[in-house]
Amino acid sequence: MQSDAAYYADPVHAAMEIVGADPAIMGVLTNGVDASDHIGRVWGVEVPMDAHDVMPCAALVVSPQPSTSGVGVNDYSAMSRTTLDFMCYGDEFSTCMRLAMAVQRKLKSWHRATTPGKVLVVDFTKVSGPFRYRDPDQKWPVVVVTWTMLYADELLP
């Protein structure tokens, strides 16, 4: 018997699948990059330690924010809304902004579809951003845009 966790959606992974499949986003991420050099660069939560040697470069990190309110939190709905930060890295701020705009075009155009991982994602709503700053530890340029994602709690069959 599978664990219950096998039946529940992972919103971070679902968002990574959505943005990672977009040709415009991938074009920014892979522009001028050697094929062996972390192609894709769509990561969850944080930049992996083994990627620090190639940074700063075009990369996208999808990171969840703590949430205590919204659809599905205190009700019996089979839907949830989570808040996600899309952190767009680059070798300079112009690359970060191009990546942030490509992400925005993709998320604004998303309408009730299923990811390859069988998560039904209804929509995305922009909360804030873009905000630009330098990573406090590594000094990499980064632009952050925050979105909420409405999705089904359980994986589709």
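The values are calculated or read from the model by the stated rules, or taken from the named source; none is laboratory data. In this text, all values refer to a predicted model and were calculated from it rather than measured experimentally. Cβ: placed from backbone, ideal geometry, glycine included. Neighbour counts: every protein chain shown.
Here the strands (runs of 3 or more DSSP E) wholly within the range 43-157 that include at least 3 residues being over 15 Å from Glu17 (Cα atoms) are 79-89, 120-134, 141-152. The conditions of being over 13 Å from the mean Cα position of the chain (by Cα) and of a type outside the set (D, E, K, R) are not met by Met149. Selection of first residues in the range 38-61 that are on the phi > 0 side of the Ramachandran plot and at pLDDT below 85 and of second residues that are of a type in the set (Val, Ile, Thr) and assigned to a loop (DSSP other than H, G, I, E, B), restricted to Cβ pairs under 9 Å at least 6 apart or on distinct chains, gives the following pairs, ordered by first then second residue: Arg41/Val33; Arg41/Val47.
On the given criteria, is Leu99 within 15 Å of His13 (Cα to Cα) and buried (at least 17 other Cβ atoms within 10 Å of the Cβ)? Taking the combined requirement at face value, the residue does not satisfy it.
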